[in-house]
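First comes the structure, then the notes that go with it.
The values are calculated or read from the model by the stated rules, or taken from the named source; none is laboratory data. Every value quoted in this text rests on a predicted model; they were computed, and no experiment measured them. Every residue, glycine among them, receives a Cβ derived from its backbone with ideal geometry; neighbour counts consider all protein chains shown.
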Amino acid sequence: MDPTMIIILVAMVAIFYFFMIRPESKKKKKLAEMRDSLTTGDTITTIGGILGKVVSVDGDKITLETSEDRVRVQIAKWGVSVVGKATAEEPK
C-alpha cells in the first residue's frame, strides 16, 4: 500500500471519530447523568410527550403525577426526555 493512502485512511477514521462517534457518546453520557439525578418534585417530559411531576424514583422506574386529578403513571427512567417543561417558546 502506498503511504499516502494509509495517511488518508487514518485521517478519515479520525475525522469520523471526532465528528460522529465522540459527540454521540458525550450526548448519551449527559442524558444518563440527567436521568440518574432525577429527584422527587422534578417536572419532566417523557419521550412520548407526557408532562408530569416526579412523585417517586425506584431504581429504574419513575412514578409521575400527570394532572391536577392526581393521575399517577409509572414509566421507565430511559423514557425521560427533558427535565423541566418542554415548550415551543425560546427562553427570554
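Quick check: anything in segment 41-49 in a helix (DSSP H, G or I), surrounded by fewer than 10 Cβ atoms within 10 Å (Cβ to Cβ) and either touching a Leu at 6+ places or on another chain (Cβ under 7 Å) or modelled with pLDDT of 90 or more (or both)? Within segment 41-49, none of the residues are in a helix (DSSP H, G or I), surrounded by fewer than 10 Cβ atoms within 10 Å (Cβ to Cβ) and either touching a Leu at 6+ places or on another chain (Cβ under 7 Å) or modelled with pLDDT of 90 or more (or both). Of all residues in segment 4-44, those satisfying the criterion of being of a type in the set (S, T, N, Q) and out of contact with any Lys or Arg (no Cβ under 7 Å at 6 or more places or on another chain) are THR4, SER25, SER37, THR39, THR40. Scanning segment 2-21 for residues that are more than 36 Å from the chain's Cα centre (by Cα) and of a type in the set (Ser, Thr, Tyr) yields a single hit, THR4. Does at least one position in segment 17-36 carry a residue that is part of a strand (DSSP E or B) and touching a strand residue (DSSP E or B) at 6+ places or on another chain (Cβ under 8 Å)? The answer is no, given that none of the residues of segment 17-36 is part of a strand (DSSP E or B) and touching a strand residue (DSSP E or B) at 6+ places or on another chain (Cβ under 8 Å). Within the option set GLY84, GLY52, GLY59, being within 15 Å of the chain's Cα centre (by Cα) and of a type in the set (Gly, Ala, Ser) holds for one residue only, GLY84. Can you name the number of the only condition in (1) within 22 Å of the chain's Cα centre (by Cα); (2) in a helix (DSSP H, G or I); (3) not polar (S, T, N, Q) that LEU64 fails? Every condition holds for LEU64 apart from (2).
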